[in-house]
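These notes concern the structure reproduced below.
The values are calculated or read from the model by the stated rules, or taken from the named source; none is laboratory data. Please read these numbers as outputs of a predicted model, since none were measured by experiment. We place every Cβ from the backbone using ideal geometry, glycine too, and count neighbours over all the protein chains shown. These accessible areas exclude ligands, DNA and RNA; they are computed on the full protein's heavy atoms, side chains included. Shrake-Rupley method; radii C 1.70, N 1.55, O 1.52, S 1.80 Å.
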Amino acid sequence: MELQDLFAAYYSCRKNKRNTANAIAFEMNLETNLIALWQEIQERKYEIGKSIAFIVERPVKREIFAGNFRDRIVHHLVINQLNPILEKKFIYDSYSCRVDKGTLFGIRRVEKFMRQATDNYTQDAYILKLDIAGFFMNINKNILFSSVSEIICQDVIEQDQDLLLYLCEKIIFNNPKANCIIKGKGEDWLGLPKSKSLFFSDFDTGLPIGNLTSQVFANLYLHTLDTFIKKSLKIWYYGRYVDDFILIHHDCEYLKWAISAIRSFLSEHLKLSLHPRKIYLQYFSKGVSFLGALIKPYRIYVGKRIKTNFYRAIGAINRMITEDARILQNRVKQKQILSTLNSYLGLIQHFDALTLRKKLLLTINSLFWNYFYISGKYQVIVARTRNFRLGFG
């Protein structure tokens with residue numbers, strides 16, 4: 001690796017973080033800071049800084065450890081080196097944190113699996129959906145580092161191996177909870193299961209949700225599970241997004257046996273366990289909820305979580321309008337409101353949801369429509385030009 005690789009990592013890191021305080025402070029002396037960081041890495045003096053720990057409520061309650069901007073650059077440096085190698089190894093049907101994949105891709109693939117397994121819904125098939133209990137908090141750091149080391153030693157050019165191993169070891173074995181700033185209040189953690197918090201993980205387990213490296217390392221950690229299911233169990237209709245995975249097979253009894261086989265594999269090889277309350281096995285006509293969608297024969301519906309969150313977003317907007325309708329004349333607030341509403345509309349228009357979009361938008365306070373209008377078949381909301389000309393839609 002060269003200094004130019006660190007500059008490339010910086011540019012990829014700043015795409016979504018450029019307006020943060022850490023990013024702005026780093027950019028004030030950009031070249032000096034990057035060269036100093038590079039020297040620390042080269043001299044093996046690099047130390048990971050403080051993370052910020054906080055709770056997010058949507059789409060589900062989660063604990064986040066956000067690394068500082070300087071460390072995020074190093075994360076991108078590592079992943080930029082590893083991703084081209086890992087992409088060649090990963091199965092096609094792992095969907096998380098991969099270019100040209102993601103939730104919508106995963107939904108469409110499962111729909112395709114359902115059609116193929118049933119010969120276009122004319123033959124029997126069953127759907128098994130499984131989830132790993134407390135996945136990120138139970139990733140074993142020693143097992144993970146062993147897998148990363150094997151990849152680096154086999155596939156990274158020799159002159160870069162030592163440096164990449166050094167950085168991966170630093171990142172994987174870092175203990176963010178021992179060096180963090182708590183954002184928010186202690187009460188924010190109430191209701192979060194201990195199995196979903198690093199503060200209750202053993203010293204040799206757990207990766208912080210929020211780091212790019214954690215997402216990619218999670219894919220690598222479960223790669224052996226993917227290959228086990230595809231090659232050993234010979235279940236071809238299989239897809240995974242992080243720790244949620246779906247198997248489709250014509251034999252219900254075989255899928256029941258596969259549950260115990262997967263449970264044993266996870267325990268023996270990865271020190272993980274299946275979530276006992278998240279085992280779903282049904283005939284294909286019942287459909288399956290996956291990645292925010294309900295996938296059924298011939299139709300894909302919006303999942304309950306997305307609908308609930310959209311209702312809540314509209315409720316928050318209605319409360320703001322009720323408290324002070326003048327908020328609708330504020331350019332900044334207009335942009336925020338449009339961004340929120342159109343992001344949901346952009347998501348759910350991929351599903352069979354015209355009636356739902358219409359129903360949801362008609363619940364918005366009537367004063368709202370003095371400043372905005374609906375374009376297309378309830379697909380996007382646009383600001384009325386007589387008030388402000390905004391580039392949305």
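A few notes on this one:
- Asp155 falls short of the stated requirement of being free of Cβ contacts under 8 Å to residues at least 24 places away in the same chain, out of contact with any strand residue (DSSP E or B) (no Cβ under 9 Å at 6 or more places or on another chain), among the acidic types (Asp, Glu) and open to solvent by 40 Å² or more (accessible area, probe 1.4 Å).
- Within this structure, Val148 fails the test of being within 20 Å of the chain's Cα centre (by Cα) and either modelled with pLDDT of 95 or more or open to solvent by 40 Å² or more (accessible area, probe 1.4 Å) (or both).
- Single residue of region 180-235 satisfying the filter (at pLDDT below 95 and of a type in the set (Lys, Arg)) that is nearest to Ala133 (Cα to Cα): Lys196
- Taken over region 177-196, the criterion of being of a type outside the set (D, E, K, R) and out of contact with any helix residue (DSSP H, G or I) (no Cβ under 7 Å at 6 or more places or on another chain) is satisfied by Ala178, Asn179, Cys180, Ile181, Ile182, Gly184, Gly186, Trp189, Leu190, Gly191, Leu192, Pro193.
- Counting only strands (runs of 3 or more DSSP E) that sit wholly inside region 224-287, those with at least 1 residues that are among the hydroxyl-bearing types (Ser, Thr, Tyr), touching a residue at least 60 places away in the same chain (Cβ under 8 Å) and open to solvent by 70 Å² or more (accessible area, probe 1.4 Å) are 280-283.
- Within region 99-114, considering residues that are touching a residue at least 24 places away in the same chain (Cβ under 8 Å) and open to solvent by 20 Å² or more (accessible area, probe 1.4 Å), the one nearest to the chain's Cα centre (by Cα): Thr103
- Some residue of region 208-219 being open to solvent by 60 Å² or more (accessible area, probe 1.4 Å), in contact with a helix residue (DSSP H, G or I) (Cβ under 7 Å, 6 or more places away or on another chain), within 30 Å of Ala9 (Cβ to Cβ) and not aliphatic (A, V, I, L, M): no
- The set of residues in region 332-370 that are polar (S, T, N, Q) and either under 16 Å from Thr322 (Cα atoms) or part of a helix (DSSP H, G or I) (or both) comprises Gln334, Gln336, Ser339, Thr340, Asn342, Ser343, Thr355, Thr363, Asn365, Ser366, Asn370.
- The one condition in (1) among the aliphatic types (A, V, I, L, M); (2) in a loop (DSSP other than H, G, I, E, B); (3) within 29 Å of Asn309 (Cβ to Cβ) that Met1 fails to fulfil: (3)
- Yes/no for Asn309 being modelled with pLDDT under 90, in a helix (DSSP H, G or I) and open to solvent by less than 70 Å² (accessible area, probe 1.4 Å): yes
- Residue ID - modelled with the lowest pLDDT, chosen from residues in region 321-357 that are open to solvent by 40 Å² or more (accessible area, probe 1.4 Å) and basic (Lys, Arg): Arg331
- The condition of being over 23 Å from the mean Cα position of the chain (by Cα), exposed (fewer than 14 other Cβ atoms within 10 Å of the Cβ) and of a type in the set (Asp, Glu) holds for only one of Glu43, Glu57, that being Glu43.
- Qualifying residue in region 166-179 (condition: part of a helix (DSSP H, G or I), in contact with a Lys or Arg (Cβ under 7 Å, 6 or more places away or on another chain), at pLDDT below 95 and surrounded by 18 or more Cβ atoms within 10 Å (Cβ to Cβ)): no
- If the condition is being more than 17 Å from Lys234 (Cα to Cα) and among the small types (Gly, Ala, Ser), then region 105-132 contributes only Gly106.
- Residue match in region 344-365 (condition: free of Cβ contacts under 8 Å to residues at least 40 places away in the same chain and within 21 Å of Val60 (Cβ to Cβ)): yes
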